[in-house]
């Protein structure tokens, strides 16, 4: 059939495999081309759905997403048990490394790093850790800007420090920007998230080094459940998502198309989110607000950044996921055998966001034009 939107000859299916548009919606061409009801990385979700794993782990297939969710929940359960039994040091260490460990497993599972795992991990994760150590130690001990929620003036803690962090966190990821094999916006997102998580590891280790070194094996756990929840989930997600948003914004090769507006707001949103996260948390905690409310506020800030990232990734995939050449694949999302170019014609998933393992895509000789009616 001829696509109503890009004019290419494509398989007669629900989605155009060349431009990703939803077929059969010619009366509403904008909705068909932007297809906000079908997130390009995971078509079963709306673009504005605040899903953590399909946003920051975009290359995972449907089944693998569930496995990582269960792993995350298991890690949180371990943290809760450790806190409940008074093993606070162990709970802090598990909290600090929970999300970064899952992300390293994701990088391996999806092979986002192509054939250069050592280079990617050394530049992004290790680079983030090194920068995190330097910034946190200098800020806390040299220039007097405390990184602890209970110390230092609010301007230094909630404004100066977040600005410094946002400037340096994406730098390790941006070192890979010039490599041709990592030219897609989604690569910038993943590498930025990895660098941000590395930064978060270093920051948390420095912040809680006295606690880890000086706290007894067992201690009263009543006051630790909320701090560990923030360390395990919200702080790493803030660092990872803001660094990923900035890196992806700067990575994005195109500033045109239907999603050109998203490139304008990456840095402002990340900056406002970081300042709002720290300033709001300090103000609420200082006003005697319940710790649970503070956690919910922090979660709301992170959700805003996640929704922005989804729009950025979606529009980038819709614009970049073309001209990959027709080949027979097994779609890692819907598991249909299809002839595809840039998008699965059955479910609409962008192949740029598919796992890069050979078992995820089954290549076949490329063809210039698909057979009529092939799906």
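Rule-based calculations on the coordinates, nothing more; no lab input. Everything numeric in this text was worked out from a predicted model, so none of it was measured. No Cβ is skipped: glycine too gets one built from the backbone with ideal geometry, and neighbour counts run over all protein chains shown.
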Nearest-0.05 FRET efficiency for residue 2 and residue 80, computed from C-beta distance (R0 51 Å): 0.35
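So, by mean Cβ neighbours within 10 angstrom, what's the order for 285-297, 336-348 with the highest one leading?
Working: 285-297: 13.2, 336-348: 23.2.
My ranking of the peptides, most packed first, is 336-348, 285-297.
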Rounded to two decimal places and with Rh computed the Kirkwood way over Cα pairs, what is Rg over Rh for segment 62-319? 0.96
Which of the peptides 271-283, 239-251, 305-317 is most tightly packed, and how do the rest follow, going by the mean number of other Cβ atoms within 10 Å of each residue? 239-251, 305-317, 271-283
Computed label-point distance, nm, for sites residue 178 and residue 267 using a 7 Å Cα→Cβ extension: 2.0
First check a/c for segment 1-136, with a ≥ b ≥ c the square roots of the eigenvalues of its C-alpha gyration tensor; if it is under 1.5, answer rounded, and if not, answer prolate when a/b is larger than b/c or oblate otherwise. prolate
Protection proxy ranking of 99-107, 156-164, 9-17 - average other beta-carbon atoms within 10 Å, highest first: 9-17, 99-107, 156-164
Extension reserve of the residue 289-residue 126 stretch, reckoned as 0.36 nm per residue once the Cα distance is removed: 55.0 nm
May I ask you to compute the full-extension gain from residue 101 to residue 118, defined as 0.36 nm times their residue separation minus their alpha-carbon distance, rounded to one decimal in nm? 4.5 nm
So how far apart, in nm, are the two label points at residue 70 and residue 36 if each is 7 Å from Cα heading toward Cβ? 3.5
